[in-house]
Structure formats: structure tokens, C-alpha cells
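Chemist: Mind looking over this structure? Questions follow.
Where a number appears in this text, it was derived from the coordinates with a stated rule and is not lab data. Just so we're clear, the structure is a prediction, and the values are computed from it rather than from any experiment. Using ideal geometry, Cβ is built from the backbone for each residue, glycine included, and neighbour counts are taken over all protein chains shown.
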Amino acid sequence: MNKAKRKAVIAGNWKMNKTAAEAAELISALIPEVAGAGCDVVVCTPFTDLPIAVSKTAGTNIAVGAQNVHFEKSGAFTGEISADMLTELGVQYVIIGHSERRQYFGETDITVNKRLKAALAAGLKVILCVGESLEQHQHGVTAELVAMQTKIALGGVSAEELKNVIIAYEPIWAIGTGLTATAEQAEEVCAVIRRVIASLYSEADAEAFTIQYGGSMNAKNADELLAQPDVDGGLIGGASLKAPDFAAIVRAASK
Ligand code: PGA
């Protein structure tokens with residue numbers, strides 16, 4: 001597999017952090033720090049920050065993403081946001097199936113698949129999250145679980161549509177805990193995901209497919225994680241909330 005065929009993508013997942021005013025401040029600080037980066041840079045903000053994020057990043061190398069999207073186009077779905085609402089704002093990316101949505105908001109592999117297809121149909125790029133809990137990790141079922149999550153999420157997705165999908169492997173036990181998967185653990189699971197992509201599509205599609213690691217990635221461990229042959233980028237939570245920390249990871253991915 002040739003890593004050079006893939007674009008590194010570093011995406012910040014701000015989660016439920018930053019008001020619109022704070023978002024404007026963080027983005028202003030980020031713009032000069034990541035200008036000229038050798039990787040794609042994305043910030044996934046709360047819905048309420050999207051308009052300011054899109055206007056602030058206009059003309060820069062930073063793309064803006066949302067953290068969820070509903071699968072219906074419109075209708076009686078109180079509190080939900082459709083893909084068209086996002087694209088009209090100029091949003092380019094959306095995170096789908098984050099473990100916090102699966103854990104706290106009843107997201108299932110089936111709803112992940114529905115959201116993913118709706119997002120792709122609207123022209124959004126998807127960052128699909130997969131990953132195992134600590135218990136599943138201890139039972140040694142990570143590879144099966146991640147393969148299953150990947151297969152169900154990508155059901156009905158064509159090879160052409162796959163070009164707009166990235167997968168983020170995020171072991172739940174490493175998210176926000178300060179416990180990072182070792183570079184070997186991250187590589188092993190990212191390689192499993194790439195094999196699943198090859199089995200569902202083709203070797204060429206798998207070779208061109210971007211896979212991120214997420215879970216306590218920071219300026220210190222980014223180099224080693226990103227050096228792994230199947231780790232093409234990162235989905236960054238905590239460390240994306242401070243411009244210098246996020247920029248350091250972007251620099252690590254630009255090497
Ligand atoms: P973390 O979050 O970097 O704070 O562990 C990653 C994520 O949940 O996407």
C-alpha cells in the first residue's frame with residue numbers, strides 16, 4: 001500500500017465547546033498557524049458556530065464540518081438538522097457515528113448508514129467514526145466489531161461515493177481519557193479497516209482511502225501515530241480547542 005497516494009486529513013472535533021464568539025477567536029488564531037499546511041485541515045464545530053466558521057475561513061485552507069446530520073430532507077424531526085441546511089451554509093464535512101452519539105443519543109449502525117447516505121447524496125464529505133469500547137477491547141473483538149461497523153455504515157455506498165468518505169478509528173477507551181492507543185494498536189486496526197474497504201470495493205479504492213486515528217491524539221504523540229503506514233490523519237477532540245496544539249498536529253501531518 002502506498003501512503004503517498006492518500007491525502008492526510010487533520011480534523012478538529014470541537015464537540016459541545018465554543019460559543020460563536022469563541023469560535024471566531026479560535027479560528028482567527030488558527031488561520032495563520034495552519035496556512036500552507038501540507039494536509040487537509042477541517043474544523044467540525046457545533047451547529048451554532050457553523051455560519052461564523054464558514055465566513056471566517058473563506059479564502060483559507062480550513063474547511064468546516066458539522067458533527068451530525070439527520071437522514072431525512074425535512075419534516076417533523078424536532079431538534080435535527082438536514083444535509084441541505086448544512087450545504088447551503090457552505091459546510092463541506094460532517095462527522096457521522098461518533099461514539100458519543102452512539103453512546104448517549106441512541107445512534108446505531110443502521111442510523112449511521114442512513115445519515116451517511118443522506119450526507120453523501122447532498123454532496124457532503126463524511127468522517128465516519130468506528131471504534132470499540134474498553135470491554136470489547138478486553139474481549140479481543142475489536143477487529144470484528146470495527147469491520148462490522150464499517151460494512152453496515154457503507155451499505156449501499158458506491159465506489160464513486162466512497163471518494164467522499166473518510167473513516168476515523170477511535171477506540172472509545174482512548175477518547176478524552178489521555179489514554180492513547182499505541183501506534184501499533186492504531187496501525188493494526190486501521191489496517192483492518194483498509195482490508196475491509198478492499199473487500200467491499202477494490203485494492204485501488206482501499207489504497208486511495210483516508211483513515212484517521214482519533215483518541216487523545218496530541219502534539220506529542222501525533223508524529224508516531226501519523227508515521228504508521230495505514231494512519232493517514234487524525235480526528236482531534238481536546239487538542240483541537242487550542243490553536244497552537246491543533247497546529248502542531250497539522251504540522252506533524254504535513255511532513
Ligand atoms: P479526544 O477526542 O482527542 O479528546 O480524545 C477525539 C474524538 O472524540 O473525536
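Chemist: Let's test the formula: R0 of 51 Å, r as the Cβ-Cβ distance of K3 and Y104. What FRET efficiency results, to the nearest 0.05? Provide the component values of the computation, followed by the final result.
Modeler: On the way: r = 35 Å, r/R0 = 0.68.
Rounded to the nearest 0.05, the efficiency is 0.90.
Chemist: Could you identify which residue out of G214, G237, G106 has the top mean-square fluctuation in a GNM of the chain using Cα springs shorter than 10 Å?
Modeler: Maximum fluctuation in the GNM of the chain, among the listed residues, is at G106.
Chemist: Okay, next question. When the chain is modelled as a GNM with alpha-carbon springs shorter than 10 Å, which of A11, A37, A76 fluctuates the most?
Modeler: A76
Chemist: Report the residue, chosen from A121, A153, A186, that carries the largest GNM mean-square fluctuation when the chain is represented by alpha-carbon nodes joined by springs under 10 Å.
Modeler: Result: A121 has the largest fluctuation of those listed.
Chemist: Once R0 is set to 51 Å, what does the formula 1/(1 + (r/R0)^6) return for the Cβ-Cβ distance between E224 and A76, expressed as a FRET efficiency to the nearest 0.05? Could the numbers behind the result be given before it?
Modeler: Working: r = 48 Å, r/R0 = 0.95.
Given R0 = 51 Å and the Cβ-Cβ separation, E is 0.60.
Chemist: What 222 nm value per residue comes from the helices of the chain, counting each DSSP H run with n ≥ 4 as -39,500 (n - 2.57) and dividing by all residues, nearest 500 deg cm²/dmol?
Modeler: Working: 12 runs with 110 residues, N = 255.
For the chain, the value works out to -12500 deg cm²/dmol.
Chemist: Expressed in nm², what is the orientationally averaged projection area of the convex hull enclosing the Cα positions of the stretch 29-142? If you can, show how the numbers build up before the last one.
Modeler: Working: hull surface 35.6 nm².
Hull-based average projected area comes out at 8.9 nm².
Chemist: Over the Cα atoms of the chain, what is the Rg over Rh ratio if Rh follows Kirkwood?
Modeler: On the way: Rg = 16.7 Å, Rh = 17.9 Å.
Using Cα coordinates only, the ratio equals 0.93.
Chemist: Let me ask something additional. In the stretch 195-246, what trypsin sites (Lys or Arg not before Pro) fall in a loop by DSSP, with at most 16 other Cβ atoms inside 10 Å? Working shown, then result.
Modeler: Numbers: sites: R195, K220, K242; in loops: K220, K242.
Here the sparse-neighbourhood loop sites are K220, K242.
Chemist: Across the stretch 53-58, in residue order, what do the Karplus-derived ³J(HN,Hα) couplings come to in whole Hz, using 6.51 cos²θ - 1.76 cosθ + 1.60 with θ = phi - 60° and x for Gly and Pro?
Modeler: 5, 5, 5, 5, 8, 4
Chemist: Rounded to whole Hz and in sequence order, give me ³J(HN,Hα) for the stretch 241-255 from the Karplus expression 6.51 cos²θ - 1.76 cosθ + 1.60, θ = phi - 60°, writing x for Gly and Pro.
Modeler: Values per residue, Gly and Pro as x: 8, 10, 3, x, 5, 5, 4, 5, 6, 4, 5, 4, 7, 8, 5 Hz.
Chemist: Between E107 and residues 5 or more places away or on another chain, which pairs have amide H atoms under 5 Å apart, with H built 1.01 Å from N, and which residues are they?
Modeler: R102
Chemist: Here's another thing I want to ask about it. Between their Cα atoms, which of K5/K242; K5/K163; K163/K242; K73/K114; K7/K255; K56/K220 are more than 22 Å away from each other? Don't skip to the answer; put the middle values down first.
Modeler: Details: K5/K242 30 Å; K5/K163 13 Å; K163/K242 30 Å; K73/K114 12 Å; K7/K255 12 Å; K56/K220 28 Å.
K5/K242; K163/K242; K56/K220, as the Cα separations exceed 22 Å there.
Chemist: Follow-up. What does the charge count around K18 come to, taking other residues whose C-beta lies under 10 Å from its C-beta (Lys +1, Arg +1, Asp -1, Glu -1)?
Modeler: -2
Chemist: List the residues whose amide H sits under 5 Å from the amide H of A168, counting only those 5 or more places along or on another chain, with H placed 1.01 Å from N in the peptide plane.
Modeler: Hits under the 5 Å cutoff: L128, C129, V130, Q212.
Chemist: Which ordering of I52, I62 is given by a fewest-first count of other beta-carbon atoms within 10 Å? Provide the component values of the computation, followed by the final result.
Modeler: Details: I52 19, I62 22.
Final ranking by Cβ density, sparse to dense: I52, I62.
Chemist: Moving on to the next point. Karplus couplings for the stretch 22-36 from phi (6.51 cos²θ - 1.76 cosθ + 1.60, θ = phi - 60°), rounded to Hz, Gly and Pro as x?
Modeler: 5, 5, 4, 5, 5, 5, 4, 6, 6, 3, x, 5, 10, 4, x
Chemist: For the residues S158, S240, S199, S82, what sequence is obtained by ranking on other C-beta atoms within 10 Å, fewest first?
Modeler: On the way: S158 10, S240 28, S199 13, S82 19.
Taking fewest neighbouring Cβ atoms as first place, the list is S158, S199, S82, S240.
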